[in-house]
1. Averaging the inverse of every distinct alpha carbon separation and then flipping it gives the Kirkwood radius. What is it for the range 39-132, in angstrom units?
2. When the Cα atoms of the range 79-136 are enclosed in a convex hull and the volume is divided per residue, what value in Å³ results?
3. With +1 on the Cβ of every Lys and Arg and -1 on the Cβ of every Asp and Glu, and nothing else charged, how large is the dipole of the range 39-132 about its Cα centre, in debye rounded to the nearest 20?
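No value in this document is a laboratory result; all are computed from the given coordinates. Please read these numbers as outputs of a predicted model, since none were measured by experiment. FYI the Cβ positions are ideal-geometry reconstructions off the backbone, even for glycines, and counts take in every protein chain you see.
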Amino acid sequence: MRTYPIVAASVVLAACAIQKPAPLGPQPVAADLGPSLSAAEVRDEIVGNTGSGTRTGTTSKWSMYVAPDGSLASSSLQPPDTGRWRIADDGQFCATWQVTWDGREVCRRVHKQGIVMQFASPITVEEMTFLPGNKL
């Protein structure tokens, strides 16, 4: 009889239906955050410098130059992006990229752990090391 293949296929399909789906995209990584920086400390640490690091939850390397005139430039495996930055009174670093985040401003609290700058939101932590000048 041919009922065995039909029964087997039904069991496999039922098993697939009860499995939990895989998460969508890379998930944020946990990080031990250093002390939060003030607006003046953020300005002193990153303005006029190039930061390099790995995107949250990925192995994708990227760099950004934080120009003194308020402009941003990045390089990564994705197409390069440009944008604008500002530092909020509470020390958050706010960036508006033309492509990334669909052109929306995203603000993150800035922490420093040793020589690493950490840009933290409730769901992501970007860790970057900064060098003087434009290194893109």
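1. After inverting the mean inverse Cα-Cα distance, the result is 13.2 Å.
2. Spread over its residues, the Cα hull of the range 79-136 gives 110 Å³ apiece.
3. With Lys and Arg at +1 and Asp and Glu at -1, about 180 debye.
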